[in-house]
1. Go ahead and estimate [θ] at 222 nm for the chain from helices alone: -39,500 (n - 2.57) per DSSP H run with n ≥ 4, summed, over the residue count, rounded to 500.
2. Regarding region 379-494, what's the average projected area of the Cα-atom convex hull, expressed in nm²?
3. What shape does region 553-624 take by its C-alpha gyration tensor, where a ≥ b ≥ c are the square roots of the eigenvalues and a/c under 1.5 counts as rounded, a/b above b/c as prolate, and the rest as oblate?
4. Under 27 Å from the Cα of LYS416, which lysines turn up, not counting those fewer than eight places away in the same chain?
5. Kindly state, as a whole number, the per residue volume in cubic angstrom of the convex hull around the alpha carbon atoms of region 616-660.
6. Please give me the summed charge of the neighbours of SER43: other residues whose Cβ is under 15 Å from its Cβ, Lys and Arg +1, Asp and Glu -1.
7. Using only the alpha-carbon atoms, what does region 335-421 span along each of its principal axes? Please give whole angstrom values in decreasing order.
8. State, to one decimal in nm, how far the label point of VAL572 lies from the label point of ASN586, with both points 7 Å from Cα in the Cβ direction.
Amino acid sequence: MYKRTVSGIMLILLLTGLFSLAINVMPAKSTWTGTVYIRADGSIDPPDAPIQRDGNVYTLTDNITSSGDGIVVERDNIIIDGAGYTVGGTRAFESKGIYVMPWKSNITIKNMIIEDFHYCIYLAYAQQITISNNDIKARCPDFGIFLENSDNSAIVANRISGGGVAVVLKFSCYNSIEWNNITGSWGGIDVIDYSNDNYIANNTLNSVKLAGIEVGDFSSRNYVANNTIIGDSMFGIRVTSGRDNHILRNVIAECTYGMQIFTDNTNIINNIVAHNTYYAVLLCGSECNISNNMLINNWDGIFLYEAQRTTIENNVISQSIRVGIALNGSDYNNIIRNKIDGSKGFDGGGDGIWLVNSDNNDVEGNLMTQNKRFGIAVRDSYWNVLSNNIIALNGEYGIWLYMSHYNQIYHNDFIKNQIQQAYSNDSFNYWDNGYPSGGNYWSDYTGLDADEDGIGDTPYVIDENNIDHYPLMNPYAITPPVPSVIIATVDVNPKTLNLRSRGKWITTYIELPEGYDVGDINVSSILLDDTISANLSAPIAVGDYDNDTVPDLMVCFNWTEVAEYVLSTGIVYGNVTLEISGKLYNGTIFTGTDTILVSSLVGDVNVDGKVDIGDLSLAAMAFGSYPNHPRWNPNANFNQNYEIDIMDIALTAQNYGKHA
């Protein structure tokens, strides 16, 4: 009894010591009032301001509150380290939290909280400024970070909440905006007024009111890549003017409109746009490229309005409310090799493709299947070519034409469309390519082929003005080859997983062999053990995460889903091999495996099969942390509330001494 009492006392003392190490105790912060100037000669004005200088490093030692500007920077080549302190304002008009004076360069602003200024950080005519790891809190109509006529700067890993617009680039070029988290602002990232050649990537934007990312006012050659924009935004991405902008590998979900593009020469490639109230992509421009996108459960998939010479290629468009691809007043476009299925039907829709007042377009090699109404609808449209398409199992007509003339429709497969394969009203069109090339395959054709030339001996008649004189006896489309299978290199993280704890994501990095591009992976096809789908709302990005010069695709699986799946196998402790598989857009299958160590013991933080003093130490060190906190350890989150609190410590202590 005496030994157990002593052991309990020693354990309590040890935990008390660990808590004192785990909690970063800082003295109570006071507040210094006024404006601080870092003068051109390096001096701090006034001298009693709470900033400590060590060479070119200026570190805050207290909070600063100002009714005007917070810190005014007149010196080049310095680092301003907030050390976690706050620079706060009173929202005075034109006030600036950090004001970098014109023509300054090579300045770093980091690790501070900035709030309640008209501009939390403002740069004018500055160069090579780095703004990183700050917490910026604004209220509408104030701004978070505002760059005006400032180039070659980096805005990285900041957390910006509230306010008018989180980040603005105005007349600013060659800047990078990366890995920022923006929440609840009126506007997200605005690139305006001839701001060219900027790189906007890997940002997460949640509940931004207007546009998550907007490029406009003649801003060109900007790259918008690997961003995640989710929830309540009016527009996910909006480009209103400029040209040669690139929108690549973004995820947009649960917005009113996915993308709205009013520019020429825009590339929209490898994006995932899902569950938006209206269209996924609206384009009004010319010579654009919309390819390899995944567009799921939007009002319309792709809507071209008065667009010319644009290519829509290799997109997967599924479960649209109204139509998969729609052209209105759009000419000389190419719609090729898209897969469109499951359009649901609302507001006169439920169709695969619409051509309305659109002429001289090429619709080739598409699969339009299981749409509620039509595979393709053509209205008031002339001189289009529809060939090599598979139009099958649609709820009413395979193709529907109204007041449309001189369209060439041949080498298509019309298969088991429910009411009628083709419907024509007040239209005259060409339905074959002559002999021996032939016309279309019709699954309800009953004619014979006595001479066995593959072409029916009698025409397929739609009406007196629309006749396929050379109907094909067999489907024209070549049966696709069995997809090849490639072996991917897969890295699943974390490498140790307590199945009773809770984090947010299980992150997986996928690397394909030489000759294949991870940008061609259809992210919606990725499965863990053929059971759990990659989460399309989680961060999705391409980078070189293992520093081997070969790009990796990062996707995430829901932590709880993975943990429950592994628990269902009955494992208590040991190695588990997980298979990650999926498809490229061309049908190629990839697969790869990785092994992680798991434990189902509550309290086994370090996942070594037993609960001991090491686990108590790790839990104590993580005490008070939460996701994205530097001490966050999800394997210690046993009460599954996304915070390491006293209950997690108690659960670990309660299971002390248990082992697998």
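No value in this document is a laboratory result; all are computed from the given coordinates. Since we're looking at a predicted model, the values are computed, not measured. Glycine also receives a Cβ, built like all others from the backbone with ideal geometry; neighbour counts cover every protein chain displayed.
1. On the way: 4 runs with 48 residues, N = 660.
Using -39500 (n - 2.57) per qualifying helix, the result is -2500 deg cm²/dmol.
2. On the way: hull surface 45.1 nm².
Taking the Cα atoms of region 379-494, their convex hull projects to 11.3 nm² on average.
3. On the way: a/c = 3.05, a/b = 2.17, b/c = 1.41.
The shape class here is prolate.
4. Filter leaves LYS339, LYS344, LYS372.
5. Values: hull volume 3.0 nm³, N = 45.
Per residue, the Cα convex hull of region 616-660 comes to 66 Å³.
6. Values: positive: ARG39, ARG53, ARG75; negative: ASP41, ASP45, ASP48, ASP54, GLU74, ASP76.
Net of charged neighbours comes to -3.
7. Taking the Cα atoms of region 335-421, the three principal extents are 28, 26, 21 Å.
8. 5.0
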